Amino acid sequence: MAPITMDYCVSDDIKISKLHDNTADFVQTGLTARWSDLDINHHVNFAKYIGWILENVPILKTHELFDLVLEFKRECREGDGLKSFTTFIEHGGNAECQHMLQLENGSEVMRGRTKWRPSI
């Protein structure tokens, strides 16, 4: 078996804006970190963060994800309540979303950016 590698440049110059209730196109409240969401260090697993932000993407069934950038700001633990914010911008057939997860007390947990193209 041969390893599969991809040339991918990680760039430090990607800026992801902070989102607010009044600037987000989609806001989801009532998210709660559960015991089953935790990793061995009792922090929410990053895969759960991805799941939470994808729930706000309006084109999830018609497009495929081709780029993902995540910027973690602080840890999230069991019992923490969160809000998920998403902005949506369409570029022809492709789209870009900016995401933010925030604790109910207003502390930022994560920012993200996803890029989407039409499903084949």
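In nm, what is the difference between 0.36 nm times the number of residues separating E75 and T32 and their Cα-Cα distance?
14.1 nm
Lys and Arg at +1, Asp and Glu at -1: add these up for the other residues within a Cβ distance under 13 Å of D21 and post the number.
0
Determine the relative contact order of the chain: mean sequence separation of Cα pairs under 8 Å and six or more apart, normalised by residue count, in whole percent. If you can, show how the numbers build up before the last one.
Details: 216 pairs, mean separation 36.1, N = 120.
Once normalised by length, the contact order is 30 percent.
Taking the Cα centre of the chain as the origin, how large is its charge dipole in debye, to the nearest 20, when only Lys and Arg (+1) and Asp and Glu (-1) carry charge on their Cβ atoms?
The calculation lands at about 100 debye.
Taking only protein heavy atoms and a 1.4 Å probe, what accessible area per residue, in Å², does the chain have with all protein chains in place? Walk me through the numbers before you get to the answer.
Working: 7800 Å² over 120 residues.
That works out to 65 Å² for each residue.
How charged is the neighbourhood of N45? Take every other residue with its Cβ under 9 Å from the Cβ of N45, and add Lys/Arg as +1 and Asp/Glu as -1. Don't skip to the answer; put the middle values down first.
Values: positive: K48; negative: D37, D39.
Net local charge, N45 excluded: -1.
How much mean residue ellipticity at 222 nm does the chain get from its helices, if each DSSP H run of length 4 or more adds -39500 (n - 2.57) and you divide by all residues, to the nearest 500 deg cm²/dmol?
-2000 deg cm²/dmol
Tabulate in residue order the Karplus-calculated ³J(HN,Hα) for the stretch 58-73, using 6.51 cos²θ - 1.76 cosθ + 1.60 with θ = phi - 60°, rounded to whole Hz; enter x for Gly and Pro.
x, 10, 4, 8, 10, 10, 10, 6, 10, 8, 9, 10, 10, 10, 8, 9
Quick query: amide H of K73 versus all other amide H atoms, modeled in the peptide plane; which residues come in under 5 Å with a sequence gap of 5 or more or a different chain?
Under 5 Å from the amide H of K73: M110, R111.
First check a/c for the stretch 26-118, with a ≥ b ≥ c the square roots of the eigenvalues of its C-alpha gyration tensor; if it is under 1.5, answer rounded, and if not, answer prolate when a/b is larger than b/c or oblate otherwise. Could you put the intermediate results ahead of the total?
On the way: a/c = 2.25, a/b = 1.92, b/c = 1.18.
In terms of gyration-tensor shape, prolate.
The values are calculated or read from the model by the stated rules, or taken from the named source; none is laboratory data. Just so it is clear, the structure is predicted and the values come from calculations on it, not from any experiment. Note that each Cβ is placed from the backbone with ideal geometry, even for glycine, and that neighbours are counted across all protein chains shown. With ligands, DNA and RNA removed, areas are computed over all heavy atoms of the protein, side chains included. Shrake-Rupley method; radii C 1.70, N 1.55, O 1.52, S 1.80 Å.
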